[in-house]
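Working notes for the structure below.
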Amino acid sequence: MGGGAARLFLVVVALFWLMPTVGLLLSSLRSPSDISGSGWWTVFTAPAQLTVENYSAILRDGTITGSLLSTVMITVPATLLVVVVGSLAGYAFAWMEFPGRDWWFLAVVGLLVVPVQVALVPVSRLFGEIGVFETTLGVVLFHTAFGLPFAIFLLRNFFAEIPRELLEAARLDGAGEIRLFARVVLPLGGPAIASLGIFQFLWVWNDMLVALIFADSDAPPITVALQQQVRQFGNNIDVLAPGAFVSMAVPLAVFFAFQRQFVSGVMAGAVK
């Protein structure tokens, strides 16, 4: 009886949690006149309201499609750079000896507490001097720089839990550091790396503050493009709802595609 009540409670909580997403989806499938005339819940009594015309319209809108492409061009490199550099640095901090290793790692941990807002003005000036302000490269560099401290911290702690005997056996077989990293450490650290990649991808994809300041105003990412739609047209829900849902569908697809690796990484970190 207690288990059934708990499951019922969890179902109710899940329904309330999903309600805004369901409302957004149903609003994106209604015409502007229906949206202005009634609430999204009326589709349950009048399903004839549903139409895909809003999605057809935004897919024909060069601003929205261009912004999606810009978002991909920012998110994919920023995620790959953080994963690759973070993995290499995490391995170095965990298993390689070099002068000041512990102090350097403490400096990396200290960077975790630096808020993004503190760096906006000085980095803007720096990017302006080197010519990458309002460019895709500038946004990628900013996200990579602020994603690396967490990546190094996470992966270093995960890699440090690998049994030393396993690495020593690989070295006795003649494996160098690069081969050891590629053949032993990366396969064992796959769940943690996948979790890091998902976190970084979601953060960069959904970011608006950094993109609003550093991105090219002629080719903004999707978050900035939707914000500009609000500024230009007011509450243009027939454009904003399908655009927001398309923007949300991509990270959801990425999460569900790597859900197993994400859960494995989280559980492995919890056990260790």
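The values are calculated or read from the model by the stated rules, or taken from the named source; none is laboratory data. Just so it is clear, the structure is predicted and the values come from calculations on it, not from any experiment. As a convention, Cβ positions derive from the backbone with ideal geometry for all residues, glycine included, and neighbour counts pool all protein chains shown. Side chains are part of the model used for accessible areas, which takes the heavy atoms of the whole protein and leaves out ligands, DNA and RNA. Shrake-Rupley method; radii C 1.70, N 1.55, O 1.52, S 1.80 Å.
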### Query
What is the distance, in nm, between label points placed 7 Å from the Cα along the Cα-to-Cβ direction at L8 and at R171?
6.1
### Query
Expressed as a fraction of 2.2 N^0.38 Å, the rule-of-thumb size for a compact globular protein of N residues, what is the C-alpha radius of gyration of segment 126-185?
1.73
### Query
Contour minus end-to-end for F16 and I178, with contour as 0.36 nm per residue of separation and end-to-end as the Cα-Cα distance?
53.4 nm
### Query
In whole Å, how far is the Cα centre of segment 171-205 from that of segment 82-160?
17
### Query
Percent of accessible area on the chain owned by carbon and sulfur, 1.4 Å probe?
70
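Please list R7, R30, R179 from largest to smallest accessible area, probe radius 1.4 Å, with all protein chains kept in place.
Per-residue accessible area, sorted high to low, gives R7, R179, R30.
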### Query
Rank W203, W104 by accessible area, highest first, at a 1.4 Å probe radius?
W104, W203
### Query
Semi-axes, largest first, in whole Å: what does sqrt of 5 times each Cα gyration tensor eigenvalue give for the chain?
41, 27, 15
### Task
At 7 Å along the Cα-to-beta-carbon direction for both A46 and L69, put a label point, then send me their distance in nm to one decimal.
3.9
### Query
If you take the beta carbon distance between Y55 and L80 as r and set R0 to 22 Å, what does 1/(1 + (r/R0)^6) give as a FRET efficiency, to the nearest 0.05?
0.15
## Note on the structure
Output ordering of 215-227, 246-258 (per-residue mean of other Cβ within 10 Å, highest first) is 215-227, 246-258
### Normalised convex hull volume, segment 53-205, alpha-carbon set, Å³ per residue
155
### Query
Dipole magnitude of segment 48-136 about its Cα centre, charges +1 at Lys/Arg Cβ and -1 at Asp/Glu Cβ only, in debye to the nearest 20?
40
### Message
Can you sort R101, R164, R125 by solvent-accessible area, 1.4 Å probe, largest first?
### Response
R125, R164, R101
### Message
Kirkwood hydrodynamic radius, segment 1-139, all distinct C-alpha pairs: what's the number in Å?
### Response
21.1
### Query
With each pseudo-label sitting 7 Å past Cα toward Cβ, what's the L212-L252 distance in nm, one decimal?
2.5
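When the helix-only estimate is applied to the chain (DSSP H runs of n ≥ 4, each -39,500 (n - 2.57), divided by the residue count), what is the mean residue ellipticity at 222 nm, nearest 500 deg cm²/dmol? Write down the numbers at each step before the final one.
On the way: 14 runs with 206 residues, N = 272.
So the helix-based figure for the chain works out to -24500 deg cm²/dmol.
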